[in-house]
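The values are calculated or read from the model by the stated rules, or taken from the named source; none is laboratory data. Please read these numbers as outputs of a predicted model, since none were measured by experiment. Counting neighbours? That spans all protein chains shown, and the Cβs are built from the backbone with ideal geometry, glycine included.
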Amino acid sequence: MVVGEEEEGDGARRLVRDHHFPWAVIGEPTDLKIGLSHFGYLEVA
């Protein structure tokens, strides 16, 4: 889990800067397509 993804993506950027990962698991539905990036927003009233 990383922080700061909705605005700048700085959490993921720091994670991959400090570590090498040969694979990634994307925890969002992508219809089995490769997802290169994604921005999301959820507001609960």
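Structural remarks
- For region 4-15, residues that are on the phi < 0 side of the Ramachandran plot and surrounded by 12 or more Cβ atoms within 10 Å (Cβ to Cβ) total 7.
- A count restricted to region 4-25 and to residues that are assigned to a helix (DSSP H, G or I) and acidic (Asp, Glu) stands at 2.
- Complete set of residues in region 1-23 that are more than 18 Å from TYR41 (Cβ to Cβ), among the aliphatic types (A, V, I, L, M) and at pLDDT 75 or above: LEU15, VAL16
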